[in-house]
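Contents: one structure, followed by commentary.
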Amino acid sequence: MNSTIFLQAIVNGLSMGSIYALIACGLTLIFGVMNIINMAHGQFLMWAMYGVFFSHSMLFSDSYASLLFTVPLSFVGGMLIFVLFIRPILNDSPINQILVTLGLGMVLENLALVLFTSDLRNVTSGLSNSKIVVGSVYVSATQIVAFIGSIAMTFVLYQIVQRSALGRSIRAASEDPEAAILVGIKVKRVYLISFALGATCLGVAAPLLTPLYYISPTIGELFTLTSFVVVVLGGMGNFTGALIGGFIIGLTEAFGYVLLPVGSLTPVLIFGIFILLLLFKPEGILGTRGSRV
Amino acid sequence: MKGRAALLCVVVLSLVMCFGVLFLPTDVQAEQKTVKIGALLTLTGSMATVGRDLKDSIDYAAEMINAQGGIKSLGWAKVQIVYGDSQAKPHIAVSETERLISKEGVVAIVDQYPSATTIAATSVAERKKTPFVAGISYADIITDRGYYFTFQLEPPAAYVGVAKAKFIDWLGSKMGRKLTRVAHLFEDTDWGQAVGKSQREYWKSNGYDIVVDMSYARPLSDASPLLSKVKAANPDIVVFQGYISDNILFVKTGHRFDLWNVPWLATGTCMPPAFLEAVKEQGEGLFDLNMWAFDISKEATAFNKKYHAKYQKDLDGNAALMYQSVWVVKEGLEKAGKADRQALADALHKIKIEPGPNLILPYEYISFDKKGINAGGRFIFTQVQNQRWVTVYPENHAGSPVKILPEWKK
Amino acid sequence: MKSEAFWEYPVQLLVLAVFLLLPLWGLSSYVLNTLIMMLFFGFLATAWNILGGFAGQHSLGNAAFVGIGAYTSTFLFSQYGISPWIGMWIGGVLAGIFGLFLGYSAFRCGLKGPFFLLVTIAAAQIVMLVVLNCRALGGASGLTVPYVGSHPALFQFESKIAYYYVAVGLLAAGILVSILVSRHRLGYYLVAIRENEDAACALGIDTLHYKLLATFLSGFLSGLGGTFYAQYILFIDPESILSLGLSIEIIVYPILGGIGTVLGPALGAFILYPVGELARSVWGGSAAGIHLLFYGAFLMLCIIFMPKGVVGLVRRIQEILKGKLRAREVEALAKE
């Protein structure tokens, strides 16, 4: 392997990793606080991406400007979904919760198919065609934006959870809901806000992703499984972990395609890492047993 | 305890009864005045984009047949299309084929890709002795089983490798140098692997140098690892077999890597209007193996004009195949003289459709051998020029000269 | 435990009789196909329930068991001409052994709840990816079962009715195994493990041993189901028989019907499979997506409103009725 391929693989890995991290942030928040495996996360992302598409075609000329539109909208959307579908099942068994979110994902995906048709949409940004070439290593401006965005989002979420009053109640509710109620924290309200924040993460992720992708009702499926891997790798509810987990998976993927003789075996590496980690360190690479968020 | 179990069983019983009533036996032959033809499409799921496109062309075919008065030898019976949704999943395709045959009473079924659903559905059709026209799928296994009721409209996968290699030779001659260094990317399901195998064999024995030969799992979440390897190998041409969403990532990422300095050749999956809509000007110059385009002949242009007026889009190669599939069934029925599945299959084994109003594809003829293979099929090659697919090869069908992008001249 | 004779189950036998006589009604092969798939999924759901319901270890990787069963029997048949009737048992045992391997690794490391579920997903994905890249197993192209016409010794029939009876037999066997497990010491131990594993451990139950036993049984039965699928459809490929989609479909039914009950999983399949089929036949051809939209919404609402499944609902209604009866009795007594 020559140095160009090696460097390019690192760039690709970090870029893809930051995308996974962007998506996994919201998931890890929901998983960490409510212990709900949200199988509809990919479909939430898909709706956020359609949000980008429509605001792009109606309001803004640049995909990044859609942030102004998708962030508040996804917060409200998250609240709505929580109230309608998640709140009734908060105390149900985990497997029931999984099935409800699966059903929700199915509804969201097919609703998009009915409303927006199956056409593949494309959104561009002013930065879409600019790139940096160092030697023969290529980095596009959109990749750099996604990379910076993922770090910034992790930082902001970390600050919110660690520093703010809201963050304190989120941490309390996730560590011991009953005790939190005793000290006067409205746990359900905290759940509502955490869920909405989790959805908002996608509202941030979507505009950063769309210039690199296409939009279709089924695009969410691309990311669901991998983002679970990232969440568990990083430790449930751990944002820094999600960022590092994202990079690990991204790099594994990039090097897998370069090093393995059969490219399509690369996902085996990812799931292999995942299983080993679950077996031997289920609290995640950064986690210590028992701590969440 | 017993009381509970009893109530439970009553519930089961009543549900079974309700279910039975809902599906009262309807295993009836089609009525004389209308003939039902089944169409198995991917109307939902990851290939919904394609399925919806094809539905229009099938509707159009039925409309054209009925506008002529219907099927003459059946006393001008009208054609009615009944749709099934395979969701691109084999076991659903099986259920839907069952439904189309026994509940709807269709005389024949036409279907699209992916080949996994075709393979599963044809085995049902064979057992139910119902003619099955595989409109777009081609994988060796479809015809290798020697099914009497399966007919494959496209040529076998082996033809694709040869056709593409010939095209690359020709393109090289137009560009003034031989394109020997080939980068080859293919999705790892039956279709991608079958085509991949055929062209790999041809290239190896004809002095080509395959500098990258990589499979990937569909759907692709990131094309950059693959394309960075392609970039490093410095190819003369990139050949890829993927489904539409992967293709979009290839094109977008290819631009990011400045890989558009060499020609790109796809394998018959870039033609749906949604593809050009998604890649816009980035698709300029892309080649695709194709079955039909609006500029292959004057008749085709006129035909497309009417189609465009109705659906506001060009008829693409796959849609033309589905149109032709319905037309093949119609010709079979004309020859059979009765709406009977066995008679139709016998007739389909005997028909020979020559170029003319009954054959819109640029084929030499349509006629099926014992295994259901149509040896008269030919391919054309199209290129995106000003965001529209135009035919550039073979030259007797070419509507426009090939466009050599300035970037290609290193 | 008191041994019970079969005539003590009049209603169950009646249901069985109805199922056995149903084909005589002259059903079209579409209805038969629907019934067969319904019974097949009922069987897979029943198999899942032994580990997922009784022992409370939710697996979302049962497609791997089904796939291993299907691939084993099909490979043995197409390569060595071994009848699928024999290959079925080999496939089942292999699937069970895979379950043991997976279960041993996971349970030894103390995985439970969502973590066990995620491990099973990942393991099933790996099995799928390996098969996808394995030439001998046909890779992504899958394997076609050689078509031999009507040949009962080779598990192939021309008529759907024969497949129907095989499916009824499979499901009856699955339910029988469930009954035996639930009446046997194994069942009590599994429920004890599900309710409170630490307490079960403290009582001296070898929890690992019983959980592994349940995993093996669940895997074995699912493997048998895989062979049935292969022989019925005559074509298997990783996408249809090893994918996460199938695993999801398998868990939907027991949860809808009633998790941890003997009849719940099959009941769930009897309700939901026809609903999906009906939705598809009504809307499938006309407007893309409507039928799955309906199916997803139906599933979601059922689980929100019946968290304990249909069986749970029936039991609650019974309790309410009983409560009312008792109240009336009390009233009557009071009047006297």
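The numbers here are math on the coordinates, done by the rules we state, and not lab data. Predicted model only: the values in this text are computed from it and were never measured. Reconstructed Cβ throughout: ideal geometry from the backbone, glycine too, with neighbour counts over all protein chains shown.
At a glance:
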{"read-out": "Whole-Hz couplings from phi, Karplus 6.51/-1.76/1.60, listed for the range A:25-32; x for Gly and Pro", "value": "3, x, 5, 5, 5, 5, 4, x"}
{"read-out": "Chain C: angle of helix C:290-305 to the longest principal axis, Cα-based, in degrees nearest 10", "value": "40"}
{"read-out": "Whole-Hz couplings from phi, Karplus 6.51/-1.76/1.60, listed for the range A:205-221; x for Gly and Pro", "value": "5, 4, x, 6, 7, 4, x, 8, 10, 10, 10, 8, x, 9, 5, x, 4"}
{"read-out": "DSSP-assigned coil residues among trypsin sites (Lys or Arg not before Pro) in the range A:186-293, each with at most 16 further Cβ atoms within 10 Å", "value": "A:186, A:289"}
{"read-out": "Anisotropy class of the range C:108-259 from Cα gyration tensor, a/c 1.5 cut", "value": "oblate"}
{"read-out": "Unsatisfied cross-links (Cα-Cα over 28 Å) in the set B:129/B:310; B:197/B:330; B:197/B:229; B:310/B:352; B:55/B:298; B:298/B:352", "value": "B:129/B:310; B:197/B:330; B:310/B:352"}
{"read-out": "For chain C, calculated [θ]222 nm from helices alone, where every DSSP H run of n ≥ 4 adds -39500 (n - 2.57)", "value": "-24500 deg cm²/dmol"}
{"read-out": "Amide proton proximity set for residue B:84, modelled H, under 5 Å, gap of 5+", "value": "B:39, B:40, B:41"}
{"read-out": "The range A:1-139: relative contact order as a whole-number percent, Cα under 8 Å and 6+ apart", "value": "33"}
{"read-out": "Span-rule helices in chain B, defined as complete DSSP H runs reaching 24 Å or more along the axis (Cα) with Kyte mean at least 1.6", "value": "B:2-22"}
{"read-out": "Surrounding net charge for residue A:216, when Lys and Arg each add one and Asp and Glu each subtract one, Cβ distance under 11 Å", "value": "-2"}
{"read-out": "Relative contact order computed over the range C:1-153 (Cα-Cα under 8 Å; 6+ residues apart), in percent", "value": "22"}
{"read-out": "Hull shadow area, averaged, the range A:6-106 [alpha-carbon convex hull, nm²]", "value": "8.2"}
{"read-out": "Helix A:141-163 axis, angle to chain A major axis (alpha carbon atoms, nearest 10°)", "value": "20"}
{"read-out": "Relative exposure of A:44, C:101, judged by other C-beta atoms within 10 Å (fewest first)", "value": "C:101, A:44"}
{"read-out": "Farthest positive-ward along the protein assembly as shown dipole, Cα basis, beta-carbon charges - from A:214, A:276, B:293", "value": "A:276"}
{"read-out": "Cα-Cα P(r), the range A:52-148, percent of pairs per 5 Å interval", "value": "2, 10, 13, 15, 16, 13, 12, 9, 6, 3, 1, 0"}
{"read-out": "Qualifying GluC sites (Glu not before Pro) in the range C:130-236, DSSP loop, other Cβ atoms within 10 Å at most 16", "value": "C:158"}
{"read-out": "Out-of-range pairs (alpha-carbon distance over 21 Å; input B:33/B:313; B:72/B:370; B:36/B:103; B:36/B:335; B:166/B:313; B:78/B:103)", "value": "B:33/B:313; B:72/B:370; B:166/B:313"}
{"read-out": "Three-way shape call for the range C:1-153 based on the alpha-carbon gyration tensor, with the a/c threshold at 1.5", "value": "oblate"}
{"read-out": "Per-residue Cβ neighbour rank within 10 angstrom, fewest leading, A:47, B:260, C:25", "value": "C:25, B:260, A:47"}
{"read-out": "Cα centroid of the range A:229-271 to Cα centroid of the range B:363-399, whole Å", "value": "43"}
{"read-out": "Sorted by Cβ neighbour density within 10 Å, fewest at the top, the residues A:29, A:269, C:44", "value": "A:269, A:29, C:44"}
{"read-out": "Cα extents of the protein assembly as shown along the three principal axes, largest first (Å)", "value": "101, 72, 54"}
{"read-out": "Cα convex hull volume per residue for the range C:200-283 (Å³)", "value": "128"}
{"read-out": "Chain A: calculated mean residue ellipticity at 222 nm from DSSP helix runs of at least 4, using -39500 (n - 2.57)", "value": "-23500 deg cm²/dmol"}
{"read-out": "The protein assembly as shown: antiparallel DSSP beta bridges as a percent of all, rounded to 5", "value": "40"}
{"read-out": "Gap separating the Cα centres of the range B:190-267 and the range C:39-57, nearest whole Å", "value": "43"}
{"read-out": "Contact order normalised by residue count of chain B, Cα under 8 Å, 6+ apart, percent", "value": "16"}
{"read-out": "Coil-residue GluC sites (Glu not before Pro) of the range B:314-410, DSSP, other Cβ within 10 Å capped at 11", "value": "B:395"}
{"read-out": "Whole-Å semi-axes of the ellipsoid equivalent to the range B:285-410 (Cα gyration tensor, √5λ, descending)", "value": "33, 16, 11"}
{"read-out": "Candidate lysines for bridging to residue C:211, where Cα separation is under 23 Å - those fewer than 8 sequence places away on the same chain excluded", "value": "A:281, C:112, C:308"}
{"read-out": "Value at 222 nm in deg cm²/dmol, rounded to 500, when DSSP H runs of n ≥ 4 in chain B each add -39,500 (n - 2.57)", "value": "-13500 deg cm²/dmol"}
{"read-out": "Alpha-carbon centroids, the range C:230-294 and the range B:91-121: separation in whole Å", "value": "18"}
{"read-out": "Chain B, Cα convex hull volume normalised per residue, Å³", "value": "159"}
{"read-out": "Choice from C:109, C:201, C:302 with maximal GNM fluctuation in chain C (Cα, 10 Å cutoff)", "value": "C:109"}
{"read-out": "Shape of the range C:27-99, Cα gyration tensor, a/c cut at 1.5", "value": "oblate"}
